[in-house]
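Take a look at the structure set out below.
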Amino acid sequence: MSDSASAPVSSAHVFHRAPKSAMRVAAGGDGPYIIDRAGKRYLDASGGAAVSCLGHSHPKVIAALKSQIDRLAFVHTGFFTAEPIEELADMLAADAPGDLDRVYFTSGGSESLEAALKLARQYFVDRGEPSRHRIVARRQSYHGNTLGALATGGNMWRRRAYEPLLVPVSHIAPCYPYRDRREDEGDEAYGRRIADELDAEIVRLGADNVMCFVAETVSGATLGCVPPVPGYLKRIREICDRHGVLLILDEVMCGMGRTGTLFACEQEGVVPDIAIIAKALGAGYQPIGAMLARRGIFETVVGATGYFQHGHTYTGHVSACAAALAVQKAIKEEDLLANVRARGAELAEALVERFGNHHHVGDIRGRGLFLALELVADRTTRTPFAAERKVAARIKETALENGLMCYPMGGIIDGISGDHVMLAPPFNITSSHVGEIVDKLGRTIEAVTTAAA
Ligand code: PLP
């Protein structure tokens, strides 16, 4: 195959995400690399969208999946359960914080959020509090693209065309100290001020009308790997408890080990009422997500109604559960959370060394192997690049030319301006991959920001 086989191609019939953009053609995977049909290797430093936490060729996961499919590829869970479904739920319940011990399987993140919203609603109906229906979430958040998840998210450009179809959701401030903390404010005072926006909004709506508050524990792609400031989530938990409002934490992107602990909320000392996970749960070997609910919620719903009024054809898909079970076993057996912490610290340090004083890098942030750089036109004034410069799109394309997959995003400040580059490499990368990421990203950022300045 010639080098031209690396060139992007246009599809005749596939309705791609960006139909006007030509696409490179992937042909194989080897550890953390994607290989195109010309044999060019791309280091997957973003796991796609923080998905491929074991790289692209983990032998034990592939073997477990093949063996499951040889025995039984699918069984509808309206008729049967199966061992991998039960074993995966047992493992997740044992490892989840607090009494989050009922696991509802889905096929991805959006479906998990829809299930969480519906469970929250049914819980209040079954408890005799049917007026509770309002959702509070945060600006610049992302919870998925289905209508309930889209309504919940605060990503303005994704919502715009669909506004008339979206249920009303209140959006309070995200936790974004780089831009929103006042100069005379410490982290804790800042966290308290913005958490108190939740209190004010619940009071404004009337607590009897409010069902849940939804937030990403560590903000993902829309804001760019922003961890909560100390005390923020504890304060949020207190406010929810005071008003009887359920706390739903979205760990679709930051969960399942990405930040160095299995659940990101463990580092905050906070247990949500409902947690949602996906991405690193199945590492991309199969599409799978899950919703975990606290025991009391499960008991209320099942006690009152007998069942949760929900379900999809692929709820608890046995091959997906078998793959996810093998992924989660590999993370334990290979002690990969320790590697996330060690390589994460090494990558953060190397990024600071390379970009700490870079005129166009305003902030370097994140946790574990979930890191982002905020790109700016001017580091001193924190002025973002003009949106027309399309810095994020250029970073993505230039990085691919340099043999690197990273996850840049534009519009991070207000849906229009602000750019970041997110890194979420596999949990099993080595120090040599860390060096390769920083080298290729360095060349990419240099070329794009020089051209955009
Ligand atoms: N929640 C968060 C935090 C996400 O990052 C995403 C996807 O990127 C979703 C929910 C939606 O997940 P999915 O794309 O699997 O539906």
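Summary of values
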quantity	calculated
Estimated FRET transfer efficiency (S21, K234; beta-carbon r; R0 41 Å; 0.05)	0.40
Average Cα contact separation per residue, segment 117-159, under 8 Å, 6 or more apart, as relative contact order %	28 percent
Cα-centred dipole magnitude for segment 375-417, charges only on beta-carbon of K, R (+1) and D, E (-1), debye, nearest 20	80 debye
Inter-label distance for H312 and F74, nm, one decimal - labels placed 7 Å from Cα along Cα-to-Cβ	1.3 nm
Estimated FRET transfer efficiency when R0 is 30 angstrom, pair R193-S131 (beta carbons, to 0.05)	0.55
Accessible surface ranking that places the most exposed of E163, E201 first, with a 1.4 angstrom probe	E163, E201
Reference-scaled alpha-carbon Rg (2.2 N^0.38 Å with N residues) for segment 242-321	1.23
Chymotrypsin sites (Phe, Trp or Tyr not before Pro) restricted to segment 245-323 and DSSP loop, no more than 14 other C-beta within 10 Å	Y307
Potential lengthening between H359 and A63 on full extension [0.36 nm per residue; Cα-Cα distance subtracted]	101.8 nm
Förster radius 45 Å - calculated FRET efficiency between I35 and N145 (Cβ-Cβ, nearest 0.05)	0.95
Computed accessible area, S107, all protein chains, 1.4 angstrom probe, square angstrom	40 Å²
Order of exposure, largest accessible area first, which applies to M23, M405 with probe 1.4 Å	M23, M405
Rounded if a/c under 1.5, otherwise prolate or oblate - segment 129-275, Cα gyration tensor axes	rounded
Ranked order, I236, I413 - accessible area, probe 1.4 Å, largest first	I413, I236
Segment 194-266 - accessible surface per residue (Å², probe 1.4 Å)	24 Å²
Karplus-derived HN-Hα couplings along segment 238-247 (A = 6.51, B = -1.76, C = 1.60, θ = phi - 60°), whole Hz, x at Gly and Pro	4, 5, 4, 4, 4, 9, x, 9, 6, 9
Under Karplus coefficients 6.51, -1.76 and 1.60, residue-wise ³J(HN,Hα) of segment 88-95 in Hz, glycine/proline x	5, 5, 4, 5, 5, 5, 5, 8
Fraction of accessible area attributable to carbon and sulfur, the chain (%, probe 1.4 Å)	53 percent
Accessible area per residue in Å² at 1.4 Å probe, computed on segment 326-365	47 Å²
Probe 1.4 Å, accessible area per residue of segment 62-185, Å²	50 Å²
Unit Cα scatterers, Debye sum, segment 192-251: log10 I(q)/I(0) for q = 0.12, 0.13, 0.19 Å⁻¹	-0.28, -0.33, -0.69
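The values are calculated or read from the model by the stated rules, or taken from the named source; none is laboratory data. If you're wondering where the values come from, they're calculated on a predicted model, not measured in any experiment. Neighbour counts are summed over all protein chains in view; Cβ atoms, including those assigned to glycine, are modelled from backbone coordinates with ideal geometry. All accessible areas refer to the heavy atoms of the entire protein, side chains included, with ligands and DNA or RNA removed. Shrake-Rupley method; radii C 1.70, N 1.55, O 1.52, S 1.80 Å.
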